[in-house]
Amino acid sequence: MKILNIGVFVFCFSVVIAQDIDPTEVTVVEGFKSEIPQSEKIKETTQFTDTTVVNKIQTYSFIDKTLDADYESRPIKAANVSGEKKSDLFRSTIMLGGGFPLTSVSSVSVSSLRKDNYSYGLNLNHFTSRYSDENSEKHRNSLNQIHIFGKKIEEKNIFVVNLDYDRKSIKHEYRPELNDWSISSSNDKNRFSYSKIGSTIFSRELSDYKLKHRTHFFISDLNELSENQIHLNTYLSKNIKGYSIQLEIEFDNFINYANSELNDVDRSEFKIFALNSFISIEKYDFDIDLGFSSDYILDDLNGVEIGLFPYLNISKFLVKNILYIEGGLENNGYRNTIKSLSDDNPYIYAFTTNQDVVFDDFNTLDLRTTDENEAYLYMKNIIGKDELFEGKLSYSYIVNTPIFYKVPYYPNGKYLSSYIDVWRLHANANYEWQINDLVGIHASANYFNYDTIVSNKENINGNLGVSLNLDEKIKVNTSVSYLGKRKSVGGLQDSLQNYHINYNDIFDLSHQFHTNISIDYNYIKSISAYLRINNIFNSKQDMWEGYQEIGINARIGFSYSF
């Protein structure tokens, strides 16, 4: 095999050597001249360009122009989004409770289910308590409330109608040995029945460049035409050429003793026309509100009075969404009525208000208008997550500050109203901190300094509370409150049997310190129970001279929703 391979290799090699190669022909072009291109000398030094010194700033110019178009587009209907099922709502809730001293509490709430454009509801509340003070005198307080509402949502406006009724009763039974005054019974009773019906209309307009409005109207009655009020208020706002303009128009008509059966007292009327106008501008990163408020007062007793007051508010975020400050000047005025005075002091004497005791028919409450001019500075600081501090410092001159003085020659005393002009310094602080899902803290404090004695007004008060949330089943709230010392001023009667305030008769009211605790237990979503323990240390100081506060008291109850 090897011999055969060698023979084939020799044969092929000999064939290759024997090939005949033809000669190659080379053609020379006539005139061809070969040459080498001329070279250039390369520079011996190197050049560098520093690109960092090149000006890379680019300048743009903008045209600040707002285009106002009269074209009004049709509102886009909200899209129907299918997501998680809405949680079931309860239409009604019933709450019942009781406690000691003898106390009964009940509440009923009924409302409509979710509807596209209307809703309605009814709330009923009842509270009654009976207790005896350290002098074995008996007190009974009761409060009954009814609230009915209806709401209708239209394409451009929302309509709300309300009906309210409050009936507050205070009864005080004296010890027999104190019943030496010429009265037919050993008790007296104050009853104040208040009803109000009203309506509110406000626009659904979202654009600041369109006219927005909110109008509120109501009429009210206290103790069967002893006092009536007709109120109308309209608030308008619109952005005009980048400036926010607000206008508020208000009318109040106060009518006293309109009942034709009251032959011993004359009907009186008091009317107020108020106009408040404001404009909002932005300057040097400050938000500035400028305006004025004017009042036109028509009084049956004092004639016509006109008032004009400036308004200034300057605000700024020193640190965006964290530190906010605000300051300015403002005027606050309100009419003192039998209703407002009885809310402050239920032991007043108001002739024709169906009180059991009538000691004369010509001394009753003095009703005036209070006017407060205030300079203030306010700040809000978000310290951390769920932690907030607010503070306010103000200095005011208050014309016709309402105060109460005790009527002499009457067991334990009834109170009449009087007024005083004062300068007042007020400092307020509020603190809230939701530490976590379990613990929360809230605290508030107020300090007042008056340039003279103001009857039944404290100089300091405060409150500290801690809340606990135990797995959404048990919620515990504790609070400690403090009310500083006060001075109660007495009264005197002149030779014409008219009563006046008497600063030579002053009674010191001790401070009040209360500790309260409340516990709520949610058994299931529709059933819950509660426990309230108030005034744990059994403080029994005078709220008003001659009328002691209730001591330790507790209530327990449950609620059911369906």
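Coordinate-derived values only; no laboratory data. Everything numeric here is computed off the predicted structure, so don't read it as measured data. Note that each Cβ is placed from the backbone with ideal geometry, even for glycine, and that neighbours are counted across all protein chains shown.
Observations, loosely collected:
- Shape class for segment 231-314, computed from the alpha carbon gyration tensor (a ≥ b ≥ c): prolate, with a/c not under 1.5 and a/b above b/c.
- In plain terms, the chain from PHE513 to GLU390 could stretch by 41.9 nm, reckoned as 0.36 nm per residue minus the Cα-Cα distance.
- Around TYR376: net Lys/Arg minus Asp/Glu count, Cβ-Cβ under 9 Å: -2
- FRET efficiency, TRP423 to TYR334 (Cβ-Cβ, R0 25 Å, nearest 0.05): 0.85
- Size descriptor, Kirkwood hydrodynamic radius, that averages inverse alpha-carbon separations across segment 414-562, Å: 18.7 Å
- Equivalent-ellipsoid semi-axes of segment 458-520, from the Cα gyration tensor, Å, largest first: 44, 12, 7
- The alpha carbon gyration tensor of segment 267-403 gives principal lengths a ≥ b ≥ c with a/c of 1.5 or higher and a/b no greater than b/c, which makes the shape oblate.
- Exposure proxy ranking, count of Cβ atoms within 10 Å, fewest first, for SER418, SER394: SER394, SER418
- Counting Lys and Arg as +1 and Asp and Glu as -1 over every other residue whose Cβ lies under 10 Å from the Cβ of GLY551, the net charge comes to -2.
- In the frame of its principal axes, segment 219-268 has Cα extents of 59, 15, 9 Å, reported largest first.
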